[in-house]
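The values are calculated or read from the model by the stated rules, or taken from the named source; none is laboratory data. Since the structure is predicted, the reported quantities are computational estimates derived from the model, not experimental observations. Neighbour counts run over all protein chains shown; Cβ positions are idealised from the backbone, glycine included. Side chains included, ligands, DNA and RNA excluded: accessible areas come from the protein's heavy atoms. Shrake-Rupley method; radii C 1.70, N 1.55, O 1.52, S 1.80 Å.
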Amino acid sequence: MKILVTGAAGFIGFHLCKRLVDESFDVVGLDNINDYYDVGLKYGRLEELGFQTQNIHYNEIAKSEKYNNFDFIRLDLKEKPKLLKVFEKYDFDYVVNLAAQAGVRYSILNPDAYLESNIIGFYNILECCKIYKIKHLVYASSSSVYGLNEKMPLSTTDNVDHPISLYAASKKSNELLAHCYSHLYNISTTGLRFFTVYGPWGRPDMAYFIFTKRILEDKPINVYNYGKMERDFTYIDDVVEGVKRVITSIPKPDRNWSGKKPNPGTSKSPFKIYNIGNNSPVKLTDFIEEIEKKLNKKAKKNMMPLQPGDIPKTDADISNLEKEINYNPNTPIEEGISKFVDWYLDFYDKK
């Protein structure tokens, strides 16, 4: 079984690739290694997977020195002709598309990046899956698509037509495009709405990463919405377990789907949407307290208003994922934060 993972140098992509190659799957990783955040961290992840930085060149195949079942190609999804050649060469069975321009607030500053990567790049993936008859396309969506929704927990049966950031709109667009291809070309697609993923090797633009860095530097942290935020923090290992199970859980048309009462999370086509979360929201103030405990150092807090594009609370209804793939996230926040901080101190040599 051969699997393409795009965004392989990213946070979730790195962890997923490691899990898959450790379990002897044949994997090809693809990433453009852009500079949205520190490329040193991205190369650090690739080095952990057995790649030497000097051996990674644009549009060339790099071989892992640690795993003989893992190749990596630096490539941008916008380059459709080159992407088609990758699909032709490897004859993939499954595709996991995690490559995207991330970040809610950055989408306000640089909207072009989101249209190019999240819309055009995803369209190119869909075209490749159509041409090369991929068995199952799994792709990253986001809890951000819930936008102005206030009913909790957030469910895939809910309408998500009111996004409040361009990032969220781009992810909602991915779901719409995927449904079109599922319907028109019988391509099995599954969208995964990730809920605040955290853990070792995480993204430096995420709050927990910023909090840890600034507390260690004795600098104040910005606490938005005056601390009245709740997030369904989901530890990376739990997320990867869910993604791995979804890959081979190929969606079939929902026999109970009705156009008179359409369920947004399924279809009469081979299309599915899941939340991947913890179903256990944590107050932002409690989350910060766990970081403080682990660091044995109090944070200096700047209490700030809610930022444009932010959602005050997320809480994932994961009942369909629990029922259909036996998904059971079980990492407590104390353990997850402890593992992240241990990694951070080691990676940045701050022990």
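Tell me the net charge near GLU175. Cut-off is 13 Å between Cβ atoms, GLU175 excluded, with +1 for each Lys or Arg and -1 for each Asp or Glu. List each step's numbers first, then the result.
Values: positive: LYS171, LYS172, ARG193, LYS272; negative: ASP158, ASP161.
Result for the neighbourhood of GLU175: +2.
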Taking only the alpha carbons of segment 226-293, what extent do you get along each of the three principal axes, in Å, biggest first?
-> 50, 29, 13
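Measure off, as a whole percent, the carbon and sulfur share of the 1.4 Å-probe accessible area of the chain, all protein chains present. Intermediate results must be reported in sequence, preceding the final value.
Working: 7480 of 15540 Å².
Reported share for carbon and sulfur atoms: 48 percent.
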Enter the accessible area per residue of segment 250-351 (Å², integer; probe 1.4 Å; all protein chains in place).
-> 57 Å²
About the Cα centre, charge dipole magnitude for the chain (Lys/Arg +1, Asp/Glu -1 at Cβ), debye = 560 debye
Grab the other residues whose beta carbon is less than 13 angstrom from that of GLU150, score K and R as +1, D and E as -1, and report the net.
-> -1
Counting only DSSP loop positions in segment 148-210, the chymotrypsin sites (Phe, Trp or Tyr not before Pro) whose Cβ has at most 14 other Cβ atoms within 10 Å are none
In whole percent, what relative contact order does segment 249-298 give with Cα contacts below 8 Å and a gap of six or more residues?
-> 26 percent
Neighbour cut-off at most 15 other Cβ (10 Å), DSSP loop, chymotrypsin sites (Phe, Trp or Tyr not before Pro), segment 285-351 = TYR348
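Count the DSSP beta bridges whose two residues both fall in segment 193-321, then state the antiparallel fraction as a percent rounded to the nearest 5.
On the way: 2 of 10 bridges.
So the antiparallel bridges amount to about 20 percent of the total.
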Enumerate the calculated ³J(HN,Hα) couplings along segment 134-150 in order (Karplus 6.51 cos²θ - 1.76 cosθ + 1.60, θ = phi - 60°), each rounded to whole Hz, writing x wherever the residue is Gly or Pro.
-> 5, 5, 7, 9, 10, 9, 7, 10, 7, 5, 4, 5, 6, x, 7, 4, 10
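Determine the sum of side-chain charges near THR234: Lys and Arg each +1, Asp and Glu each -1, restricted to other residues whose C-beta is under 12 angstrom from that of THR234.
Values: positive: ARG193, ARG231; negative: ASP232, ASP237, ASP238, GLU241, ASP315.
Taking every other residue near THR234 into account, the sum is -3.
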Whole-Å distance linking the alpha carbon centroid of segment 285-320 with that of segment 1-47 is 27 Å
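Just need the relative contact order of segment 28-77 here, percent rounded to a whole number, with Cα pairs under 8 Å and 6+ apart. Kindly include the intermediate steps, with their values, before the conclusion.
Numbers: 66 pairs, mean separation 22.0, N = 50.
For segment 28-77, the relative contact order is 44 percent.
For an R0 of 51 angstrom, estimate the FRET efficiency from the Cβ-Cβ distance between LYS228 and HIS183 and round to the nearest 0.05. Show your work: numbers first, answer last.
Working: r = 41 Å, r/R0 = 0.81.
Taking R0 as 51 Å, the efficiency between LYS228 and HIS183 is 0.80.
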Once amide H atoms are placed 1.01 Å from N in the peptide plane, what residues at a sequence separation of 5 or more from PHE194, or on another chain, have their amide H within under 5 Å of its amide H?
-> SER141, SER142, SER143, ILE276
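Working out 0.36 nm times the residue gap between HIS162 and ASN110, then minus their Cα-Cα distance, what length gain in nm do you get to one decimal?
On the way: separation 52, 0.36 × 52 = 18.72 nm, distance 2.05 nm.
Gain on stretching HIS162 to ASN110: 16.7 nm.
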With DSSP loop assignment and no more than 13 other C-beta atoms within 10 Å, the trypsin sites (Lys or Arg not before Pro) in segment 206-276 are ARG255, LYS260
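Probe of 1.4 angstrom, ligands and nucleic acids ignored: what's the accessible area per residue over segment 64-158, in square angstrom?
Numbers: 4070 Å² over 95 residues.
For segment 64-158, the per-residue accessible area is 43 Å².
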Report, for segment 1-101, the % of DSSP beta bridges that are antiparallel, rounded to 5.
-> 15 percent
Normalising by the residue count of the chain, find the relative contact order in percent from Cα pairs under 8 Å and 6+ residues apart.
-> 17 percent
Assigned charges on the beta-carbon of Lys, Arg, Asp, Glu; segment 4-77 dipole about Cα centre (debye) | 80 debye
